[in-house]
Ligand code: SF4
């Protein structure tokens, strides 16, 4: 017996499905071409390309025997050109290994270039009526609402929960229509930002709608935590001058001037970190003195808390191991040197 949700969904689909050129055919080649073209591309964009493609390469053999230039020319403007090259290569392999006949099972289809689990399941279920569930981002979103799934987008837990919930609903020997009905619901009604619940054919059975959580489904993945670095810097004094180092030309703050120092490693005190950094960067030793201040700054992808210290040399003259160049300058000259926000704060404090 067909579950009520599936029955209502299929009834709506059969009445309302858009008349797309690849719909209502069981030709596996046509379905494969449409599914590959629809990866990361909107339906409206695909339609004219699909029609031209099917005129130019109406079957697997005509595609297999075409040159790569012809194939890419026909795909030109659709983007993601590896799709065209993979489709071409898949057609050649189908001719060589399967006598020009597209394999009926999702497992075998997945062995062909450019055909992932979703595309293989879509072709096998629509063209060959295999009992395969095709779950892409669109269907995952619909499932997360229909079954009010709390797992975040992109998590394996959401994928597993969506699959198990949908498998219970999937009608035997009609997975193709079931998959297409879910795709259609996601494309036309259960839209990513604002689902059109008042027009939804399965509203009465939608758990997110019943629970008032449609705006919270699917759960967005948490933003990755912004790293927060603890850093030290040395204002090394010698005869009334301080030492500045010029950062490497490439990378963050490339070519700017700074007070030498670096990140505090786990288990180090600030003074130990500073002494180590100075050996690594300047091949000399220092005595770490009084703290100048604590400086905080948030960059786009990370935050820094920097502890700056007055220091003096306790070894040979420094050499620039990590920097492009080092210079001894008077505090009054600091103004002339370009530097990042934190180093400017330090220089203002010591001036
Ligand atoms: Fe999506 Fe709303 Fe329909 Fe639920 S009721 S499936 S949230 S459109």
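Every read-out reported here was derived from the displayed coordinates using simple, explicitly stated rules and does not represent laboratory data. Nothing here was measured: the structure is a model prediction, and the numbers come from that model. Cβ placement follows ideal geometry from the backbone for every residue including glycine, while neighbour counts extend to all protein chains displayed.
Shown is the FRET efficiency for residue 164 and residue 55, computed with R0 = 35 Å from the Cβ-Cβ distance and rounded to the nearest 0.05: 0.25. Considered as an equivalent ellipsoid built on the Cα gyration tensor, region 251-351 has semi-axes of 19, 18, 15 Å, the largest given first. When the Cα atoms of the chain are aligned to their principal axes, the ranges along those axes come out at 88, 55, 33 Å in descending order. Would you please give the FRET efficiency between residue 187 and residue 108, computed as 1/(1 + (r/R0)^6) with r the Cβ-Cβ distance and R0 = 30 Å, to the nearest 0.05? Computed FRET efficiency for residue 187 and residue 108: 0.60.
Length gained on full extension, residue 321 to residue 203, computed as 0.36 nm times the residue gap minus the Cα-Cα distance: 35.8 nm. Per-residue packing, averaged as other Cβ atoms within 10 Å, sorts the ranges 144-156, 265-277 into the order 144-156, 265-277, beginning with the highest.
The convex hull around the C-alpha trace of region 75-123, projected and averaged over every direction, spans 3.4 square nanometres.
For the chain, the mean residue ellipticity at 222 nm estimated from helices alone is -13000 deg cm²/dmol, where every DSSP H run of n ≥ 4 contributes -39500 (n - 2.57) and the total is divided by all residues, rounded to the nearest 500.
Peptides 106-116, 223-233 ranked from most to least packed give 106-116, 223-233, packing being the mean of other C-beta atoms within 10 angstrom over each peptide's residues.
When the Debye formula is applied to the Cα atoms of region 6-130, each taken as the same point scatterer, what base-10 log of I(q)/I(0) results at q = 0.12, 0.21 Å⁻¹? Ignoring solvent entirely, the Cα scatterers give -0.43, -1.29. In the chain, the longest principal axis of the Cα atoms and the axis of helix 137-146 are about 80 degrees apart. Subtracting the Cα-Cα distance of residue 341 and residue 314 from their residue separation scaled by 0.36 nm leaves 6.9 nm. Bridges between two residues of the chain, per DSSP, are antiparallel at a rate of about 65%.
For residue 229 and residue 82, a Förster radius of 35 Å and the Cβ-Cβ distance give a FRET efficiency of 0.40, rounded to the nearest 0.05. In region 144-268, Rg over Rh equals 1.39, where Rg is the alpha-carbon radius of gyration and Rh the Kirkwood radius from pairwise Cα distances.
Among 8-15, 241-248, 121-128, 178-185, the peptide with the highest mean count of other Cβ atoms within 10 Å heads the list, and the full ranking is 121-128, 178-185, 241-248, 8-15.
The ellipsoid that matches the Cα gyration tensor of region 25-82 has semi-axes, each √(5λ) in whole angstrom, of 16, 15, 9, with the longest given first. Full extension of the chain between residue 137 and residue 155 yields a length gain of 5.3 nm, computed as 0.36 nm times the residue separation minus the alpha carbon distance. Between 0 and 90 degrees, rounded to the nearest ten: what's the tilt of helix 175-188 against the longest Cα principal axis of the chain? Approximately 60 degrees, to the nearest ten.
With angles folded into 0 to 90 degrees, how steeply does helix 156-169 sit against the dominant principal axis of the chain? Use alpha carbons for both and round to 10. Relative to the chain, helix 156-169 is tipped by roughly 10 degrees.
Between residue 99 and residue 62, the simple spin-label model (points 7 angstrom out along Cα→Cβ) gives 2.3 nm.
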